[in-house]
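Have a look at the structure below, then the notes.
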Amino acid sequence: MAAAAGLVFPFRDARWLPDPVLGPRPAVRTPQPVPLVIDNGSFQARAGWACPDPEVPGEPLLRFRSLAARSRGARGGAGAETQVGNDLGSPEPLRWLLRSPFDRNVPVQLELQELLFDHIFQRLGVSSQGCVDHPIVLTEAVCNPLYSRQMMSELLFECYQVPKVSYGVDSMYSFHHNRRQDWPCNSLIVSSGYQCTHVLPVLEGRLDAKNCKRINLGGCQAAVYLQRLLQLKYPGHFAAITLSRMEEILHEHSYIAEDYLEELQKWRSPEYYESNVHKMQLPFSSKLLGSTLTSEEKQERRQQQLRRLQELNARRREEKLQLDQERLDRLLYVQELLEDGQMDQFHKALVELNMDSAEELQSYIHKLSLAIEQTKQKILQAEVSIEVDVVDSKPETLDLDPLGSEQSLEDVESIHEFEPLFAEEQPEVEKPVTTVEPVFNLAEYHQLFLGTERIRVPEILFQPSLIGEEQAGIAETMQYVLDRYPKEQQALLVQNVFLTGGNTMYPGLKARIQKELLEMRPFQSSFQVHLASNPILDAWYGARDWALEYVNHEEGWITRKDYEEKGGEYLKEHCASNVCVPIRLPKQAPRTTEALAPTKVLAASVGNPCDLA
């Protein structure tokens, strides 16, 4: 960060390139269809094949934002068009039309989720008309609600006819992908994403779902908070401070302070501020109106504007004159009917004109004739004034007094009195022509200075009260989770504190977690903090590793037979999955009252009401 200190960083404003349509690969279908791995994240969806063939890339082939927008359709009759992910190009022009299938990190809008699946299958070359005959490995939220899993299973089995599906937690997949030989099976996972942050205890390689905790803060809240701060700081650039640019600032220019208060004290120093401030350059136009125009060009522009106004007024007067003339001809025709004695037609015409008598008709004719004469006079005056302007635009020569007579003192004093009135009409040619420079640096005016905002925004992960949230931060939540275990298990959990998720890529996060653990753990106790090798893609890589290992096993796979027998909320557990919590329906009492005789029912109704319970 020090190397780029004091530099100006332009916004990239990169447009999303549409995803290519990949053709079907023979290697993913022979000898049997290979699993399709989908990391269904609330910020970004990633999809690819879990194929051991080296010809098939072992990385996600599709990466796009989990967004969809339906255009309103053209006026020419074209229907509305739905665009998904990278096909949107840029989210800002469609910000108010964007829709996501997620509420926090849980998919709830299944019709939008179906659009995302259609996009994935189409771009990967999978025909989804009859059925999708590939097994699906899909990530889901921690402690995913049964209703959400039920709807997802219904969508996959009923709509796409998939043979089998497996659900897993993204952070658990990332943990197993990064797990080394010397790592213990116990861990405390801190997973921070776009919408939520989770603290997940792992015992003996399995998720302890009872003690998982969620913080409703992530990258989305940080981007909105940064946008609000900069819009208050720079109200003149309110529209230019967009969420996409705020996300770019968070990804590339923010960091987490190891000691927040101490870092704020450093920023109070002018020298530290000048050496560490990041200046974000907004796009602007360097052309200022009038800044590079000479006096002759200004005069010519004024004359052109005046000429356009005169032509516009002349056109309007001619149109008005034509309308008034037509009205006058109509009234004169009605008057001729009166003079010819055609009274029936005359009275009928008066009714059409909404008039009551011949006197009113004469009054209208007189007023309209005057208005026409005035309009003709104005047109003539306008033509004369244009000719005068053309003649006066030529330079005039001063008339010299042939007699050389001297002016009287009174004439000179009267001229001096009127000089201020004609000061504006002094010829500008006599003044030296200079280029008007702006009184400020235009590029600097369109710059956003990022000072304490670089550490203030990511700090909401540890202090949610900065944005008014009554929640615990990461450090407090970690302490709360650890306190739910005996001291022996606490020591095992802190030996492998694992950080994953796209929101953990802030520089300084690992050092901050180590400092917080040092403060909360007992004296001379040991702990280790590890950061995922690729916090964004490791969840997909871990799901791919699991699919390659267990593709021919029954563990973790939900078949169509399981779905039909046990319901859509059913889950087969594996090393990276949630815990299966079956729905426990209350047992209904046997309906014996219907078999009783009517007399017995009547007797029971008049008896003690408590007996009916």
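The values are calculated or read from the model by the stated rules, or taken from the named source; none is laboratory data. Bear in mind that the values here come from a model prediction, so they are computed numbers and not experimental data. Neighbour counts are summed over all protein chains in view; Cβ atoms, including those assigned to glycine, are modelled from backbone coordinates with ideal geometry. Protein only, heavy atoms only, side chains kept; ligands, DNA and RNA dropped before computing areas. Shrake-Rupley method; radii C 1.70, N 1.55, O 1.52, S 1.80 Å.
One residue is enough: does region 250-263 have a residue meeting the conditions over 23 Å from residue 511 (Cα atoms) and in a loop (DSSP other than H, G, I, E, B)? Checked region 250-263: no residue is over 23 Å from residue 511 (Cα atoms) and in a loop (DSSP other than H, G, I, E, B).
Suppose the filter is out of contact with any strand residue (DSSP E or B) (no Cβ under 7 Å at 6 or more places or on another chain), assigned to a loop (DSSP other than H, G, I, E, B), open to solvent by 50 Å² or more (accessible area, probe 1.4 Å) and more than 30 Å from residue 62 (Cα to Cα); does residue 519 pass it? Against the criterion (out of contact with any strand residue (DSSP E or B) (no Cβ under 7 Å at 6 or more places or on another chain), assigned to a loop (DSSP other than H, G, I, E, B), open to solvent by 50 Å² or more (accessible area, probe 1.4 Å) and more than 30 Å from residue 62 (Cα to Cα)), residue 519 does not qualify.
Given the options 138, 115, name the one that is assigned to a helix (DSSP H, G or I) and touching a residue at least 40 places away in the same chain (Cβ under 8 Å). Among 138, 115, only 115 is assigned to a helix (DSSP H, G or I) and touching a residue at least 40 places away in the same chain (Cβ under 8 Å). Listed by first and then second residue, the pairs with beta-carbon distance under 7 Å, at least 6 apart or on different chains, first residue in region 473-494 and within 16 Å of residue 528 (Cβ to Cβ), second surrounded by fewer than 19 Cβ atoms within 10 Å (Cβ to Cβ) and among the basic types (Lys, Arg), are 494/521. Does residue 133 qualify as being assigned to a loop (DSSP other than H, G, I, E, B) and touching a residue at least 60 places away in the same chain (Cβ under 8 Å)? Taking the combined requirement at face value, the residue satisfies it.
Of the numbered criteria (1) touching a residue at least 24 places away in the same chain (Cβ under 8 Å); (2) aliphatic (A, V, I, L, M); (3) open to solvent by 40 Å² or more (accessible area, probe 1.4 Å), the one residue 230 fails is (3). Against the criterion of being more than 20 Å from the chain's Cα centre (by Cα) and either open to solvent by 40 Å² or more (accessible area, probe 1.4 Å) or under 30 Å from residue 119 (Cβ atoms) (or both), residue 155 qualifies.
For every residue, the table says whether it meets (1) within 24 Å of residue 479 (Cα to Cα); (2) aliphatic (A, V, I, L, M).
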position: 138; (1), (2): no, yes
position: 143; (1), (2): yes, no
position: 149; (1), (2): no, no
position: 163; (1), (2): no, no
position: 169; (1), (2): yes, yes
position: 174; (1), (2): yes, no
position: 182; (1), (2): no, no
position: 197; (1), (2): yes, no
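Of the residues making up region 26-67, those that are within 21 Å of residue 85 (Cβ to Cβ), in a loop (DSSP other than H, G, I, E, B) and touching a residue at least 40 places away in the same chain (Cβ under 8 Å) are 41, 42, 43, 59, 60, 61, 66.
Just checking, does region 119-135 include any residue being open to solvent by 20 Å² or more (accessible area, probe 1.4 Å), touching a strand residue (DSSP E or B) at 6+ places or on another chain (Cβ under 9 Å), at pLDDT below 85 and not charged (D, E, K, R)? Among the residues of region 119-135, not one is open to solvent by 20 Å² or more (accessible area, probe 1.4 Å), touching a strand residue (DSSP E or B) at 6+ places or on another chain (Cβ under 9 Å), at pLDDT below 85 and not charged (D, E, K, R), which makes the answer no. Select from region 484-505 the residues that are buried (at least 20 other Cβ atoms within 10 Å of the Cβ) and hydroxyl-bearing (Ser, Thr, Tyr) and list them in ascending order. The answer is 500, 504. Which of the residues belonging to region 253-272 are under 22 Å from residue 464 (Cα atoms) and without any contact (Cβ under 8 Å) to a residue 40 or more places away in the chain? Matches in region 253-272: 261, 262, 265. Condition (residue is closer than 27 Å to residue 511 by Cβ and in a helix (DSSP H, G or I)) applied to region 278-293: is it met by at least one residue? No. When 206, 179, 214 are screened for being touching a Cys at 6+ places or on another chain (Cβ under 9 Å), over 28 Å from residue 116 (Cα atoms) and touching a residue at least 60 places away in the same chain (Cβ under 8 Å), only 206 passes. When the criteria are applied in full, residue 239 meets the requirement of being open to solvent by 80 Å² or more (accessible area, probe 1.4 Å) and of a type in the set (A, V, I, L, M). Which residues, counting only those in region 38-73, are among the small types (Gly, Ala, Ser) and either more than 14 Å from residue 540 (Cβ to Cβ) or buried (at least 19 other Cβ atoms within 10 Å of the Cβ) (or both)? Across region 38-73, the qualifying residues are 41, 42, 45, 47, 48, 50, 66, 68, 69, 71, 73. Scanning region 494-533 for residues that are charged (D, E, K, R) and more than 36 Å from the chain's Cα centre (by Cα) turns up 519, 521. All conditions in (1) in contact (Cβ under 8 Å) with a residue 24 or more places away in the chain; (2) closer than 30 Å to residue 144 by Cα hold for residue 278, with the sole exception of (2). Give me the pairs: first residue in region 447-471 and hydroxyl-bearing (Ser, Thr, Tyr), second residue open to solvent by 10 Å² or more (accessible area, probe 1.4 Å) and in a helix (DSSP H, G or I), beta-carbon distance under 7 Å, and six or more apart or on different chains, which are they? Final answer for the pair search is 452/264; 452/267. Just one residue in the set 552, 534 is closer than 24 Å to residue 50 by Cβ, open to solvent by 70 Å² or more (accessible area, probe 1.4 Å), polar (S, T, N, Q) and in a loop (DSSP other than H, G, I, E, B); that residue is 552.
Tell me whether region 164-185 contains one or more residues that are in a helix (DSSP H, G or I), among the acidic types (Asp, Glu), under 30 Å from residue 566 (Cα atoms) and open to solvent by 10 Å² or more (accessible area, probe 1.4 Å). The answer is yes; a qualifying residue exists.
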